[in-house]
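S.K.: Pasting a structure below so you can have a look.
The values are calculated or read from the model by the stated rules, or taken from the named source; none is laboratory data. Fair warning: this is a prediction, and the values are worked out from it, not measured in the lab. Counting neighbours? That spans all protein chains shown, and the Cβs are built from the backbone with ideal geometry, glycine included. Surface areas here come from the heavy atoms of the whole protein model, side chains and all, with no ligands, DNA or RNA. Shrake-Rupley method; radii C 1.70, N 1.55, O 1.52, S 1.80 Å.
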Amino acid sequence: MTRVLVADDQEVVRAGLCRILDGEEDLEVVAEAGDGEEAVRRAGATRPDVVLMDIRMPVMDGLAAARRLLAEDSSVKVVILTTFDLDEYVYEAIKIGASGFVLKDAPADEIVRAVRAAAAGDALVSPSVTRRLLAEFAKVRTRENPSVATLTERELDVLRQLAMGLSNSEIGVRLFISEGTVRTHVTHLLSKLDARDRVQAVVLAYETGLVSPGHTEDR
């Protein structure tokens, strides 16, 4: 059972999200919060696996709350909720360790998939939106990272596929290798890049120019 905390300052939205998530057999909402400060406090008390966090909240915004949560508990996964698909705060949240994001008006099944994916460490959800966001910032943010040079050709291939939003099974089909082999390559490249999860690895791929905006086109 995946334990979820829902943080959103709009009570109606929060209630709707809780209803969606509690309707799934493998998900349980263990706490709610109306602002970032309350989210941090309630998370400390209930120890959720995933926090579904609105990025724009009073008292303490979602970015500051996510930073606090991730600093205090490296095992918790944070999925950012936003009304904007090209929101610079979302990018910053992903950089500090959030496991992706989902739009508030996304279909219920997409929100459920986002939470499940984060809990499983398979963080790239809403890939078309995520790819647009990362590509937009890749146009103006480029930096070198010597750890990229340590990746093997196969690990680079896998990282490029991750950046397209593909799952392990889809990458296996693309590269003609088993899903288990893909998982092994992902584990190795995350370690070499010192990346917390797949999202941070993909951010690095865009920032270093390993993946260009042209790779973000839908399959």
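To keep it simple, each residue is scored yes or no on (1) of a type in the set (A, V, I, L, M, F, W, C); (2) in contact with a helix residue (DSSP H, G or I) (Cβ under 9 Å, 6 or more places away or on another chain).
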site: 18; (1), (2): yes, no
site: 37; (1), (2): no, yes
site: 40; (1), (2): yes, yes
site: 64; (1), (2): yes, yes
site: 74; (1), (2): no, no
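S.K.: Which of the strands (runs of 3 or more DSSP E) found entirely inside region 1-78 contain at least 2 residues meeting this: more than 19 Å from residue 96 (Cα to Cα), free of Cβ contacts under 8 Å to residues at least 24 places away in the same chain and open to solvent by 20 Å² or more (accessible area, probe 1.4 Å)?
M.R.: By residue number, no strands (runs of 3 or more DSSP E) qualify.
S.K.: Ok, one more. Only residues that are of a type outside the set (A, V, I, L, M, F, W, C), assigned to a helix (DSSP H, G or I) and touching a helix residue (DSSP H, G or I) at 6+ places or on another chain (Cβ under 7 Å): list them for region 143-180, please.
M.R.: Within region 143-180, 147, 150, 154, 155, 157, 160, 161, 168, 169, 172, 174, 179 meet the criteria.
S.K.: Which condition number does residue 192 fail, the rest of (1) at pLDDT below 90; (2) closer than 20 Å to residue 95 by Cα being met?
M.R.: Exception for residue 192: condition (1).
S.K.: Here is a follow-up. Tell me, please, whether a residue that is more than 21 Å from residue 95 (Cβ to Cβ), surrounded by fewer than 19 Cβ atoms within 10 Å (Cβ to Cβ) and modelled with pLDDT under 95 can be found in region 133-149.
M.R.: Within region 133-149, one or more residues are more than 21 Å from residue 95 (Cβ to Cβ), surrounded by fewer than 19 Cβ atoms within 10 Å (Cβ to Cβ) and modelled with pLDDT under 95.
S.K.: With the structure loaded, tell me whether residue 103 is open to solvent by less than 50 Å² (accessible area, probe 1.4 Å) and modelled with pLDDT under 75 or whether it fails that test.
M.R.: Against the criterion (open to solvent by less than 50 Å² (accessible area, probe 1.4 Å) and modelled with pLDDT under 75), residue 103 does not qualify.
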